[in-house]
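Okay, so here's the structure we're looking at.
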């Protein structure tokens, strides 16, 4: 497989994770917690870095994309630990729902409404692995693909 094809595969992985997360949110009705949202941003960065890599070439872009994917995996490891009760989550993780929050409250900058879901609550899992766990696995594999791209440079 060529270097550019590996980069496209890695980028497709990041795009697939983002689309999957959005599908769970908007089609499945599962509100994301703060850590769920934080896990998305590195994949947005990886997609931007993938575009730069495909346009300009250069191993530095592949290394940065690998680090972006690994940062999502790192946040995912922290999230899994919060879900499993291995450690405490962030202060923003304590809100369980946006119930009883009006539209006016959402538009009022003087009111803090918190996160839409609690980080410690597993909203969905398959084979005992939560979405955060699957993100750790997938993001690590994507980072590995980017490492292969960088080494072929």
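Applying the criterion of being free of Cβ contacts under 8 Å to residues at least 40 places away in the same chain and touching a helix residue (DSSP H, G or I) at 6+ places or on another chain (Cβ under 7 Å) to the residues of the stretch 45-67, the residue that is nearest to residue 9 (Cα to Cα) is 47. For the stretch 8-17, does any single residue satisfy the condition of being assigned to a helix (DSSP H, G or I), in contact with a helix residue (DSSP H, G or I) (Cβ under 9 Å, 6 or more places away or on another chain), at pLDDT 95 or above and more than 27 Å from residue 124 (Cβ to Cβ)? Looking through the stretch 8-17, at least one residue is assigned to a helix (DSSP H, G or I), in contact with a helix residue (DSSP H, G or I) (Cβ under 9 Å, 6 or more places away or on another chain), at pLDDT 95 or above and more than 27 Å from residue 124 (Cβ to Cβ).
Could you please let me know if residue 120 is modelled with pLDDT under 60 and either more than 15 Å from residue 37 (Cβ to Cβ) or exposed (fewer than 13 other Cβ atoms within 10 Å of the Cβ) (or both)? Against the criterion (modelled with pLDDT under 60 and either more than 15 Å from residue 37 (Cβ to Cβ) or exposed (fewer than 13 other Cβ atoms within 10 Å of the Cβ) (or both)), residue 120 does not qualify. Which residue pairs have Cβ atoms closer than 9 Å, lie 6 or more positions apart in sequence or on different chains, and pair a first residue in the stretch 1-30 that is on the phi < 0 side of the Ramachandran plot and free of Cβ contacts under 8 Å to residues at least 24 places away in the same chain with a second residue that is outside any helix (DSSP H, G or I) and surrounded by 13 or more Cβ atoms within 10 Å (Cβ to Cβ)? That search, which allows pairs on different chains as well, returns 2/152; 25/31; 25/32.
When the residues of the stretch 30-41 are narrowed to those that are within 18 Å of residue 81 (Cβ to Cβ) and assigned to a helix (DSSP H, G or I), which ends up modelled with the lowest pLDDT?
Applying the filter and picking the extreme gives 34.
The set of residues in the stretch 90-117 that are at pLDDT 75 or above, surrounded by 18 or more Cβ atoms within 10 Å (Cβ to Cβ) and part of a loop (DSSP other than H, G, I, E, B) contains only 117. When you check residue 51 against the structure, is it more than 17 Å from residue 119 (Cβ to Cβ) and in a helix (DSSP H, G or I), yes or no? Yes: the conditions hold for residue 51.
The values are calculated or read from the model by the stated rules, or taken from the named source; none is laboratory data. This is a predicted model, so every value here is computed, not measured. We place every Cβ from the backbone using ideal geometry, glycine too, and count neighbours over all the protein chains shown.
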